[in-house]
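K.L.:
First the structure, which I've put down as structure tokens, then a few questions once you've had a look.
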Amino acid sequence: MNNKRIYILNGHPAQKSLSKALLESYADAAREAGHEVRMAHLHDMEFDSNYGFAGYTTYKPLEPVLEKVLNDLEWCEHLVMSTPLWWGGLPAKLKGLFDRAFLPGRVFDTQVTKFGIPSPMLAGRTARVIITSDTPNLFMRIIYKNALHHQLRKQIFGFIGFKPTRIMQFSGASHAKPAAVERWLKQVRKIGASAS
């Protein structure tokens, strides 16, 4: 197995979370397997999450922490992100990170298009997203049609070149029994060792 450069982004805005614990388990296993790991926590990042403009002709200069996120995305071969499911979507601060940092000329190219869609600038990379939620997986799939999964795969990471984006979801997260959490940590540790 080839060692990979892995960028891990904890997308939970709280200092302590199940998302963070899962990613720390992944990171430990990946490092033990010889992979190179960089890890960042949304709760440590200070930036204005409001894009604030109507188009891409004028935009705010990126804070250093957002420049670092972009540099780490360019550096990595594999991205691993964990996020809670809040109101059917991403936490506002995490969505704000994407709104602010994922800009033309950095992650997609509006000068080179196919069927009117800008070209991704970070192609050749893969991603894994770990979602924690209280919504049962079956309900998420049948009632909500896995809307967040589609957004992450196609409209965020696929749009900038990360393919495939694999998603795993752990439901019942708010009141999970210790045995369930231990099982999830083991599952995440296993994929961390294989950098998948």
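K.L.:
Could you say which residue among Glu77, Glu67 is at pLDDT 95 or above and out of contact with any strand residue (DSSP E or B) (no Cβ under 6 Å at 6 or more places or on another chain)? Step through it out loud before you land on a result.
P.N.:
On the way: Glu77 fails: out of contact with any strand residue (DSSP E or B) (no Cβ under 6 Å at 6 or more places or on another chain).
Within the list Glu77, Glu67, the selection yields Glu67.
K.L.:
Can you give me the number of residues within segment 1-17 that are of a type in the set (S, T, N, Q) and surrounded by fewer than 20 Cβ atoms within 10 Å (Cβ to Cβ)? Can you show your working first?
P.N.:
Within segment 1-17, the first condition is being of a type in the set (S, T, N, Q), and the residues that meet it are 2-3, 10, 15, 17.
Right, trim to surrounded by fewer than 20 Cβ atoms within 10 Å (Cβ to Cβ) and you get 2-3, 15.
Number of matching residues: 3.
K.L.:
Sticking with this structure for a sec: Residue by residue through segment 177-196, note down the ones that are at negative phi and open to solvent by less than 30 Å² (accessible area, probe 1.4 Å).
P.N.:
If the condition is that a residue be at negative phi and open to solvent by less than 30 Å² (accessible area, probe 1.4 Å), then Ala180, Trp184, Val188, Ile191, Gly192 are the ones that fit.
K.L.:
Of all residues in segment 94-143, which are under 20 Å from Ile167 (Cα atoms), charged (D, E, K, R) and surrounded by 15 or more Cβ atoms within 10 Å (Cβ to Cβ)?
P.N.:
Lys95, Arg125, Arg128
K.L.:
Looking at Tyr7 and the list (1) part of a loop (DSSP other than H, G, I, E, B); (2) under 25 Å from Lys163 (Cα atoms), which single condition is not satisfied?
P.N.:
Condition (1) is where Tyr7 drops out.
K.L.:
Cβ-Cβ below 6 Å, separation at least six or inter-chain, first residue in segment 96-107 and among the basic types (Lys, Arg), second surrounded by 17 or more Cβ atoms within 10 Å (Cβ to Cβ) and not in a loop (DSSP other than H, G, I, E, B): which pairs?
P.N.:
Cβ pairs passing all conditions: Arg100/Leu66.
K.L.:
Restricting to segment 41-86, name every residue that is acidic (Asp, Glu) and open to solvent by less than 10 Å² (accessible area, probe 1.4 Å).
P.N.:
Asp72
K.L.:
Filter segment 18-40 for residues that are open to solvent by 30 Å² or more (accessible area, probe 1.4 Å), of a type outside the set (A, V, I, L, M), in contact with a strand residue (DSSP E or B) (Cβ under 6 Å, 6 or more places away or on another chain) and not in a helix (DSSP H, G or I) and give the result.
P.N.:
To start, the set of residues in segment 18-40 that are open to solvent by 30 Å² or more (accessible area, probe 1.4 Å) comprises 18, 20-21, 24, 28, 31-34, 36, 38-39.
Remaining after also requiring of a type outside the set (A, V, I, L, M): 20, 24, 28, 31-32, 34, 36, 38.
Then keep just the ones that are in contact with a strand residue (DSSP E or B) (Cβ under 6 Å, 6 or more places away or on another chain); that gives 20, 31, 36, 38.
Across segment 18-40, the qualifying residues are Glu36, Arg38.
K.L.:
May I pose another question? Criterion first (modelled with pLDDT of 95 or more, in contact with a Leu (Cβ under 9 Å, 6 or more places away or on another chain), of a type in the set (A, V, I, L, M, F, W, C) and within 21 Å of Leu62 (Cβ to Cβ)) does Leu97 satisfy it?
P.N.:
Spelling it out, Leu97 is indeed modelled with pLDDT of 95 or more, in contact with a Leu (Cβ under 9 Å, 6 or more places away or on another chain), of a type in the set (A, V, I, L, M, F, W, C) and within 21 Å of Leu62 (Cβ to Cβ).
K.L.:
Under 21 Å from Ile130 (Cα atoms), in a strand (DSSP E or B) and modelled with pLDDT of 95 or more - does that describe any residue in segment 42-64?
P.N.:
Of segment 42-64, the ones under 21 Å from Ile130 (Cα atoms) are 42-45.
From the residues that got through so far, the ones that are in a strand (DSSP E or B) too are none.
The answer is no; no qualifying residue exists.
K.L.:
Here is a follow-up. When only residues in segment 144-168 that are under 13 Å from the mean Cα position of the chain (by Cα) and among the polar types (S, T, N, Q) count, which is surrounded by the fewest Cβ atoms within 10 Å (Cβ to Cβ)?
P.N.:
Gln155
K.L.:
Pairs please, first residue from segment 49-63 and under 26 Å from Pro13 (Cα atoms) and among the aliphatic types (A, V, I, L, M), second anywhere and at pLDDT 90 or above and part of a loop (DSSP other than H, G, I, E, B), Cβ atoms under 6 Å, 6+ apart in sequence or on different chains.
P.N.:
none
The values are calculated or read from the model by the stated rules, or taken from the named source; none is laboratory data. Because the structure is a prediction, the values reported are computed rather than measured. Here the Cβ is made from the backbone with ideal geometry for all residues, glycine too, and neighbour counts use every protein chain on show. The protein model used for the area step is the full one, side chains on, heavy atoms only, and it has no ligands, DNA or RNA in it. Shrake-Rupley method; radii C 1.70, N 1.55, O 1.52, S 1.80 Å.
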